């Protein structure tokens, strides 16, 4: 059994795999140290692999590293995907794992991999040559917070729901439409442009805002909230 850990900026996901089967999954806030350890004490596993793009000083992770060996893949690891990247040292393990998870879910396909978390990453996987390139953009909450932080009068919007249509009719609804529709147009624009270059392009999404975005786009992506965990499991099996 392999324990896979996806430690993001706001959540920690755990997945317990037997071969390629996700047997158990659990999600915690990273500050819930005792809850995390109570759960870890209740399971058995042979190996552990981690992607950590969140806090480097989480108490639960420090304690876990004192007790067991944890493998943390990076751009120099043995990976099931080909890629070239100009700044390997800054390449996040979650992006690498999402690529590996996507080719496990959609083998021999051209894929737009979208991770909609604190930031949104758009990565292209080509069926013959692996990772081609990708972009990083502000995520849903980051866009709302930025408008509030960098202006004097714009409020902090907490509700992301938007009414039908493209335009708002108040400051709040204009901000909601601007952010939500902006992300939808961004996603659909990337997909439309890349579809003209890569045949039968598919889209797979993960991340905290993936379901919210997927429900509002016309491209009908596959949403897999365990994509990074699946990718970590793939990586673990070839080390």
Out of 101, 168, 93, a Gaussian network model of the chain with alpha-carbon springs under 10 Å gives the largest mean-square fluctuation to 168
Taking alpha-carbon centroids only, region 66-127 lies from region 136-184 a number of Å equal to 29
Stretched fully, the stretch from residue 142 through residue 212 gains (0.36 nm per residue minus C-alpha distance, one decimal, in nm) 23.7 nm
Between residue 82 and residue 195, the two model label points (7 Å from Cα along the beta-carbon direction) sit apart by a distance in nm of 2.7
With Rh as the Kirkwood radius over Cα pairs, region 87-154 has Rg/Rh of 1.13
To the nearest 10 degrees, the tilt of helix 171-195 (Cα long axis) against the first principal axis of the alpha carbons of the chain is 60
With Cα springs under 10 Å, the Gaussian network model of the chain assigns the largest mean-square fluctuation among 76, 85, 185 to 76
For the residue 68, residue 90 Cβ pair and Förster radius 30 Å, calculated FRET efficiency rounded to 0.05 is 0.65
The chain: relative contact order from alpha carbon pairs under 8 Å, six or more residues apart, as a whole percent, is 21
Ordered by fewest other Cβ atoms within 10 Å, a rough proxy for footprinting exposure, 3, 201, 22 read 22, 201, 3
Relative to the compact-globule estimate 2.2 N^0.38 Å (N residues), the Cα gyration radius of region 1-72 stands at a ratio of 1.00
Rounded to the nearest 10 degrees, the helix 93-105 long axis (Cα) sits at an angle to the longest Cα principal axis of the chain of 90
Put in order of increasing Cβ neighbours within 10 Å, starting from the fewest, 177, 160 give 160, 177
DSSP beta bridges in the chain: the antiparallel percent, rounded to 5, is 65
antiparallel share of DSSP beta bridges within region 1-72, to nearest 5, in %, is 65
In region 111-223 the DSSP beta bridges are antiparallel at a rate, in percent to nearest 5, of 65
Residues of region 48-79 with backbone N under 19 Å of the label point set 7 Å from the Cα of residue 38 along Cα→Cβ are 59-61, 63-64
Highest GNM mean-square fluctuation among 173, 159, 195, for the chain with Cα springs under 10 Å, belongs to 159
Site residue 237, offset 7 angstrom along Cα→Cβ, radius 15 Å on amide nitrogen, limited to region 1-25, gives 1-4, 16-23
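Laboratory data are not the source of any read-out in this text; all were calculated from the coordinates shown. None of these values were measured; they are calculated from a predicted model. Glycine also receives a Cβ, built like all others from the backbone with ideal geometry; neighbour counts cover every protein chain displayed.
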